[in-house]
Each structure stands twice: as structure tokens, then as C-alpha cells.
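A short write-up of the structure that comes next.
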Amino acid sequence: MGSDVLMQNTTMRFDDYVAVDNVNLHIREGEFFSLLGSSGCGKTTILRMISGFLEPSEGKVLIGGKDMRGIGPNKRPTALIFQNLALFPLMSVEDNIAFGLEVRSLSRKERMRRVHGLLELIALPGMGSKKVNDLSGGQKQRVAIARALAVEPKVLLLDEPLSALDLKLRQRMRQELRAIQQKTGVTFIYITHDQGEAMAMSDRVGVMSQASIEQVGTPKDIYNSPANPFVASFVGTNNVLAGRVDRIIDGFAVVRTRFGELMGRSKAGVQEGDRSLLFIRPENFFLAKEYDRDKSVISSTIYRSQFEGAFINLFLNNTNRSREFMVQLANDGLGEIPSSGSEVRLGFRPELALVLPEGELANE
Amino acid sequence: MNSQRILSLFCSMYMIAFMAYMLAPLAIMAAASFNVSSIPTISPWKGFTMEWFSILFRDRILWDATLNSIIIAVGVILLAVPTGLAGALLLMQMQSKSRNLLYAILISPILTPGVIVGISTLIFWNKLGVSGGLFLSVIGQTSFIASFCMLIFMARLQRFDQSLEEAALDLGASQQQVFFKVTLPFLRPTVLTAIGISFLQSFENYNTTLFVIGAKNTMTMRIAGMVRLGLTPETNALAVIFIVLTIAAAVAFELKRRVEKRREAVLKEMKKREDAAIPLIVSDSFPDKMPDMAA
């Protein structure tokens, strides 16, 4: 039996509320897949449909090609790591890890053999007899992972398991989760609202807006080639300029914006004369020289200049109060630092700017 | 004297009066059990005796009644604790609007006067050809003691983390395994509490039992009978035994609690270990292969 997960036209309704709306998703065998979205977007609902705690209102969930309808969470080849970990507080570390083996009636000797192997794997050998409440946060995290791996799941589901840890530990656990995934070859489906986590660990990321999936791709894809304005504005920081497409030349669109005519890579669906959005990331700007081409230079007044050490953040005068226009210049340690109130000419390479058809943006 | 001192003086006097009000009757009652006088009193003091205790221990009727009380209490525990637990589990899982109605029905036996519970139990079972006795006493008492148990279990279940049951289910446990391996161990201290409270409720019950006990006797019924026929210090001697047992139980409980508290403090100290102290899993320290997991 394979371990890929397929969701076909899956919809989940709670009374009148649509939590997941006609989602199609294929998670490949052995990959580290993240579902990235803000809270309440339906990502946990998807996880609970895969693990079997919820039956989809419409559509199917297939694991390894097998339709999972009517199969309970205790009969599915999945294991879930809960947000609060849900370790059994009255049991020792050993008994927690062995729980899934005990309910499968494995002999005590066999159980202990596997538990010791897993304690090695999570680098907590000899801790088996401890009570879970006597463990630190990071140790609990590892025990939860071992407990889930003990039942040899085809698919491991993780529901923001790092959110309770402090920043430093969280960053270390990212590497460790990734390492465990690569060693075991188990398909990981990771739910998070933290972009850094999703980017750092995943083979592929699915970006969710309200109830549906906006784009699935490698971290590089969703950052560099967002499929629509939602993903472009949700992933990372991005500046948006609205305007009308004047003309399209060789895959580049010239858009008339409030900074004049600007040029960017044109994505499918952009038509001459249509309203569109031009996206330029803050780090893609540089201080322009006089001879730089006009269609990739903007002139503006800086209303705030922020020195951050490695970077200098410039905020430009902006008529759109809800969205800041930010430019991030690398500090080379030699050049002038533009000050607040000064006029500045900022250039960008048109290949790094993106023109997309008008659409909904993510909330800031 | 300033007002602060007047207030504190007043408080101490109030405390003394309060304690005297609570404890003086018990002290006088206990002292009377050692008085030679054949009516329970401490004045006049006719001399110290243990005679009333030996009369108490020779009172066959009273001990038979006590045995009946214990039999009924055990029967009530066996019926009321599982029934109360089942009711609590049901109510905690219900989401629909009928939950409130069912809740009201299930706790109504507590709100009904015991006399009514007793009479209606007797009438109902008489129609079925069962007359009063130990069996009907168990049934009658269970009808409201089960409700007490249910409330106790509900209070505990409110603090239960539902994700533990989900985790167990997710790891492959059947519903029964989830109940016996996760839910019930969590409820274990509460089961003991429910047993204790059921026992006491049953043991001291009078007004329901009065109607359903038939020709038999329980300890409370027997004491009530003794009061009617003229009280002797024998009753006081019995009360002294109960007081001593109660105090012993309370002291034992408190000692146990202190030992556990000390143990927890030690564990907390041990836990103050930095996460950084655990070795890293990544790459190098990782075993090359997953441990062999072939079943």
C-alpha cells in the first residue's frame, strides 16, 4: 500500500458554514507537505478529514489509492500529532510510546524492543520510565513524535505541534522534524500558520485562504512565482501597485501606476487594457542611477527610514494607508543612508516584478 | 485601645463562640458515654465507666442492623457508581438541545424529598409483587445517590482533555480500549470519591429507607427506635466510635496529601533542566536507519 494522500472534490460543511470548499489535493508518497494558512482557514479541518475524525460532506479522501470513507481514525494508516501533544499524563514515557502497540496486542518483549529503538531515535535513551509531566517542553515534543511513529503510520499528520515552544527551541525542532522525516521516509503533512516553518521544512507547500487552496508548489515557487494576488500578498512581504495594463511585450506587461509606467513579468490571464496588480518585493529594489531605464524606476519621498543593521528599511509616501510600501536595501557599510523626507529614485529588475490579474489580497 | 485591637479581639471571641457552638455538644455527648448515669448526661457525674461500650458491643439487634446498613451500602455502590458514570458520560457527549432536559430529569431525584422517593419506590415495586426489604432499600437509595455520583463525575469530566481520547483512537485503540485505558484511569480518583460519598449517603439515610426497609432494620432506624424507647448512654458510645473513626480518616488523608505535596516539590526541582541539555537529534547523532520495526 502506497502512502500518498489524495483529496478529490472534498467539501466539509458544518450546518451552513463551509469550512473546506471543493479541495483537490495530491500529497505525494514520502514528501514533507505543509498546509499554510491563517487561523480559521480550514487547514485543521482538512487534517481531521485525513485522520478520520471528520467525514467529508462531499468528495473523497484516498490514502494509498484506497477510499477512506467509513474507515475510523483507529483503522487508518495515519497518526496525528496534536497541537497540545495529548500525551497520556498518567502513563510513563515508555507506556505512552508503546500505547499503539499495546492496543494491537504486541508482546511485552516486542513492545519494549521497539520503544527502545524509538527512544534512541528521539535521542532520549533511558528516559522510558519517566512520567510525561516530568519532561521539558522539547522532550514532550519528541515523545509525541515517537508515540506516533511507533504505530508505523504511512502518513504522519502534525497540527502546529511547535506552536507551544519558545522561539529558539522551535527553530531547532524544525531541523529535527525534517531530519526525522528524511530518515523514516514517512509522508508528513504539517499544518502551520508560520511561513518560516513551512518554507524551512517542506518539500511542497499548499497555501490556503478561506476554505480553499490557492496554490501548491515548492517553497521557492510560492515565493518567487505566486499564482495569484492572494498568494503574492500572503507569502512573505510584497508591495502592491494597482494599475491598468498598457501593453504586453515578450511576456512583460507595462502597467500604468501612480508611479508612472512600470514593467514586470506578465502572468497568464493578464490582458492589455485590463486592471491588474504589480508586485515587487522590498528586497528587489536598489538605488537607481540616472541612466537606469524609466519603466523600472520609481521616484518618491521617504516618510520613514529605519536602520536595521544588515538592512535599511525605507517606507515611501503612500496614499493607500492600509498597506505600507516598503523598500529594503542591503547595508553595504559605505553608501549614504537615505533619510526621512528625502527624495529617492528606486530601481528594480522587471524580471523580479510580477504582474497579475486583479484579485483578492490577503489581509495584512 | 485602638479600633484595630477591638476588631481582632472581637474576631477571636467570635471564633471561640463558633467553635464552642460546633464542638461543645459533641464533647458533652462523648463525655456522657463514660458516665455511670443511666440517662445520657454529664451532670450529675456519677463516676467513670466503660460499661456502656460493653453493652454496645453486646447489642445483637444493633449489630444486625449495622450489617444490614453495610449490605445496603455495598449494593448501592455497585449500582449507583456505574449508573452515575454512564449518565455523566452521556451528558458530556450530548450536543443537542435535549441535553438540558435530560440533565433536569437525571438530577430530579436529588431535588425530590426522600419521603416521596421512598413511598413511590414501595408502591411501584409492590405492584410488581416485591415487598419492602434490603433489595428495595438498595433500589430506593440508588435512585438519588446515582444522581449525586453523576454530578461528581461530570465535574471531573469537565476537566478532561478530549484530545486524549482522540489520540488513543488515532493510535488504533477501539472505543472500549479508549475507555478502559484512558478515560477510566483519569476518573479513578473520582470513582473512589463517588464510592465514599455513596457509602455515607446510604449509611446515614433515614427517610427513604423508612418506607422501603419493610420488617428489617438498619443502623439509623435502630438508633431512631432506641431514642423513642428511652435513650441510654449506649447511643453516645456508638457516636464516640464514629467520631474517632472520622477523625482518624481525616488525619490519614491529610498526612497522605502532605507526603504527595513534598514529592511533587522534589519533582519540580528536578524538572528545572534546560532543554539545551538534551542531545541534538539532527544528522550526526541520528541512527543511519530507522530501528528495525518489522512486526
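The values are calculated or read from the model by the stated rules, or taken from the named source; none is laboratory data. Remember, predicted model here, so these are calculated numbers, not experimental data. Here Cβ is always computed from backbone atoms with ideal geometry, including for glycine, and neighbour counts include all displayed protein chains. For the accessible areas, the whole protein counts, side chains as well, though only heavy atoms, and no ligand, DNA or RNA atoms are used. Shrake-Rupley method; radii C 1.70, N 1.55, O 1.52, S 1.80 Å.
Quick notes on this structure:
- Within the shell of other residues whose beta carbon sits under 10 angstrom from the beta carbon of residue A:354, the net charge comes to +2, with Lys and Arg scored +1 and Asp and Glu -1.
- Tensor-based shape of the range B:1-155 (alpha-carbon gyration tensor, a/c under 1.5 rounded, otherwise prolate or oblate): oblate
- Solvent-accessible area lost in complex, 40 Å² minimum, residues of the range A:78-124 relative to chain alone, 1.4 Å: A:82, A:88, A:90, A:99, A:103, A:113, A:114, A:121, A:123
- For the pair B and A, total buried accessible area rounded to nearest 100 Å², probe 1.4 Å: 3900
- Using only alpha-carbon positions in the range B:57-130, the gyration tensor eigenvalues give semi-axes of 33, 17, 11 Å once each is multiplied by 5 and square-rooted (largest first).
- Span from the the range A:93-116 Cα centroid across to the the range A:230-270 one, whole angstrom: 58
- GNM remark for chain B: springs join alpha carbons under 10 Å apart, and the peak mean-square fluctuation among B:255, B:229, B:164 falls on B:255.
- When a 1.4 Å probe is rolled over the protein heavy atoms, the share of accessible surface on the range B:59-231 that falls to carbon and sulfur comes to 68 percent.
- For residue B:36, nonlocal amide neighbours, meaning residues 5 or more places apart or on other chains whose placed amide H falls under 5 Å from its own, are B:46, B:47, B:49.
- Among B:234, A:120, A:343, the sequence by solvent-accessible area, most first, with a 1.4 Å probe is A:343, A:120, B:234.
- Per-residue SASA remark: residue A:207, around 0 Å² accessible (1.4 Å probe; ligands, DNA and RNA not included).
- Chain A - percent of accessible surface contributed by carbon and sulfur, probe 1.4 Å: 47
- Value of D in µm² per second that Stokes-Einstein yields for the range A:218-357, Kirkwood Rh from Cα pairs, at 25 °C (0.890 mPa s): 159
- At most 12 other Cβ within 10 Å, DSSP loop - trypsin sites (Lys or Arg not before Pro), the range A:53-136: A:69
- The translational diffusion coefficient of the protein assembly as shown, from Stokes-Einstein at 20 °C and 1.002 mPa s with a Kirkwood hydrodynamic radius over alpha carbon pairs, comes to 67 µm²/s.
- The helix-only estimate of mean residue ellipticity at 222 nm for chain A, built from DSSP H runs of length n ≥ 4 each weighted as -39500 (n - 2.57), is -7000 deg cm²/dmol after division by the residue total.
- When the pairs A:66/B:181; A:109/A:183; A:43/B:181; A:43/A:168; A:66/A:154 are compared against a 19 Å limit on Cα-Cα distance, A:66/B:181; A:109/A:183; A:43/B:181; A:43/A:168 fall above it.
- Relative to the dominant Cα principal axis of chain B, helix B:134-157 is inclined by about 40°.
- Cα long-axis angle, helix B:219-228 against chain B (0 to 90 degrees, to the nearest 10): 20
- At a probe radius of 1.4 angstrom, the accessible area of the range A:219-364 per residue rounds to 52 square angstrom.
- Prolate/oblate/rounded call for chain B, Cα gyration tensor, a/c under 1.5 rounded: oblate
- Axis angle, to the nearest 10 degrees, between helix B:233-271 and the longest C-alpha principal axis of chain B: 20 degrees.
- Of the trypsin sites (Lys or Arg not before Pro) in the range A:296-364, those whose Cβ has at most 12 other Cβ within 10 Å and which sit in DSSP loop: A:321
- Viscosity 0.890 mPa s, temperature 25 °C, Stokes-Einstein D of chain A from Kirkwood C-alpha radius, µm²/s: 106
- Members of the range B:160-207 that become less accessible by 50 Å² or more once partner protein chains are added (1.4 angstrom probe, chain alone as reference): B:164, B:166, B:169, B:170, B:171, B:181
- With a 10 Å cut-off around each Cβ of B:125-133, the average count of Cβ atoms from other chains is 0.
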